[in-house]
Amino acid sequence: MKTIKAGLLFTIVLFTFQTSFAQSGSFSEIFKQHFNETVQKVEQAESADEKRTYLNDSFDDMLTAIERIERSANLSDDEQAQLISFKEDVEERKSELNGLDGFDEIVDEDLDDFSNFSQQMMEQANRTVTISLTSALLIVLILLLL
Amino acid sequence: MLLLITGCSTHSLVSQEPVPEESPDYTLFFYIHGDSDYLFHQSGGEAIHADEHALDKALNAAKKAETGEVYIFHHRAEKNFLGLIPRRKSQFYHFQNGQEIQRIKYRRSSDDLFMEAENRLHALYGSDPDPADKPAYFLYFGHEIPLEVHRGYNASHSNTVVDTKAFATGLSAFIGEDHSYDLVALSSCSNGTPAMAKYLQETARYLLASPQNLHLSHINFTSLELLNESPDIDPGHLAEKIAAESYDRLTESVQTVVSLAVYDLEVTGGYIEELYSKTREYLNHETPNLFKENRDCIELPFFDKDQYSDGVRLFYRPPRFGSRSSSETHSGWGCKIVD
């Protein structure tokens, strides 16, 4: 009986370990998954105001998460440079959406395309955002972006 | 013992048929980097891992390479079972005349240089001892090859140095320093640069690369099938066909910038040292953030479009949105620039 219990316990621990590891994801994957949900919501929204709200909320959530990382994580110079680059891109998208910093405001009929553009910018092949974060900080990130 | 040294212990001869006796007419190398985040989403929200997507396309191309020899390296993240037992996640495929003859799982050691494990595999299992007599093409799929020494390109073994020089060295080792590729095609962002053209000057006749960003759905390469009919096809012509078909698909499906350039390295060789030195000098003085996306080198004070445009054929469309949406033209050269 003891052997069965030990075997069962081992299986549970193994499963938990493997599952939690698989779900933790990387810094950039978490942001991509978050923004993909935004893009889907924007496409399904019926009014332009609703689309704008989804996009602005999403950009704000990402900026808050980035600021949390800046404050809490001990980043190398390279990681800091990557994070700044990523943050500036999100800020630029937000400015463009709202017609700030020299941009013309995105007109209502272009909101879906702009949402796709923002997603594609984030998912370009140069995005080697290799910031190493602790599991605890990754969990905080996920919660902020939920 | 040999297998222990290379770290590749699962070696399978996958074909039940005898290995084709006819000598292949050309060689294709596919290097697919998957040891990083390659997640992207299609317009319906479906999640795709770009390296897996590229592998499917490469395997399909290998089956259609009826008169060619094809090597595919899928470099994946190293994983340990329970954090202790190393697992072989990367995979090497070898095709000859459309027939898969070997499939080997492997892992690299933490001391390996970039592409070193793959160079060893090719030296051990490549069936053709001298592919240099035949046309040879190299296609790379991955993130931007960093301009300067950068650690962290490989998510596992993050200390491996990956930069333009290390890339050129690893790529050259497959065919030997005395030989060169007819075409090196880089399905990556921001590698259509003076540095890449300089470092590949002796290694390739033509370079296909993107001076700006390139979406993760990557380049198309169905035109490679033309090699079956005409293995001696002009590689510059074939490069332009690959660029054109990729351009057509990307301009239909993405809102971001589309830029693909074919560099005739024999022609650009006439000025590449000068252009590289000037961009290098600029970097030393201005130190831009190397993680920012490239900009057109024409924005640099010394850049003369008339002087540095020979040998560059560009397929370009500006992004639909963003600060560069009104940039209707491009020099074909990408540079890191201070804002």
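The values are calculated or read from the model by the stated rules, or taken from the named source; none is laboratory data. Since this is a predicted model, take the numbers as computed values, not measurements. Every residue, glycine among them, receives a Cβ derived from its backbone with ideal geometry; neighbour counts consider all protein chains shown. Each accessible area value is taken on the protein alone, full model and side chains, heavy atoms only, with ligands, DNA and RNA left out. Shrake-Rupley method; radii C 1.70, N 1.55, O 1.52, S 1.80 Å.
Computed quantities for the displayed model
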read-out	value
Cβ-placed point charges (K, R +1; D, E -1), dipole of the stretch B:107-232 about Cα centre in debye, nearest 20	480
Among beta bridges that DSSP assigns inside the protein assembly as shown, antiparallel share in %, nearest 5	60
Of B:VAL258, B:PHE73, B:TYR106, farthest towards positive along the dipole that unit charges on Lys, Arg, Asp, Glu beta carbons give chain B	B:TYR106
For the stretch B:274-334 and the stretch B:24-65, distance of Cα centres in Å	28
Of all accessible heavy-atom area on the protein assembly as shown, the percent that carbon and sulfur account for (1.4 Å)	50
Tail weight of P(r) past 26 Å, computed on alpha-carbon pairs of chain B, percent	48
Given charges at beta-carbon only (K, R positive; D, E negative), |dipole| of chain B in Debye	1360
Positive-end extreme of charge dipole, the protein assembly as shown - chosen from B:ILE242, B:TYR276, B:GLN96 (charges on Cβ)	B:GLN96
Within 10 Å of each Cβ in B:34-40, the average number of Cβ atoms from other chains	6
Most mobile of B:ASP296, B:ASP111, B:ASP310 in a GNM of chain B (Cα contacts under 10 Å)	B:ASP111
Chain B, helix-only ellipticity at 222 nm - DSSP H runs n ≥ 4, -39,500 (n - 2.57), divided by all residues, nearest 500	-8000 deg cm²/dmol
GNM flexibility winner over chain B from B:ASN191, B:ASN119, B:ASN289 (Cα, springs under 10 Å)	B:ASN289
Across B:LYS134/B:LYS165; B:LYS165/B:LYS278; A:LYS87/B:LYS336; B:LYS278/B:LYS336, pairs whose alpha-carbon gap is larger than 21 Å	B:LYS134/B:LYS165
Of B:GLU116, B:GLU273, B:GLU22, the one that fluctuates the most in a GNM where chain B has Cα springs shorter than 10 Å	B:GLU22
The stretch B:63-180 - charge dipole about Cα centre, Lys and Arg +1 at Cβ, Asp and Glu -1, debye rounded to 20	820
Loop-located GluC sites (Glu not before Pro) in the stretch B:144-215 whose Cβ has at most 14 other Cβ within 10 Å (DSSP)	B:GLU148, B:GLU177, B:GLU202
Solvent-accessible area per residue for the protein assembly as shown (1.4 angstrom probe, square angstrom)	45
Cα principal axis extents for the protein assembly as shown, largest first, Å	83, 66, 44
The stretch B:184-246 and the stretch A:32-87: distance between their alpha carbon centers, rounded to Å	34
Whole-number percent relative contact order across chain B, with pairs defined as alpha carbons under 8 Å at least 6 apart	15
Surface/4 estimate of mean projected area, convex hull on alpha-carbon atoms of the stretch B:269-321, nm²	4.9
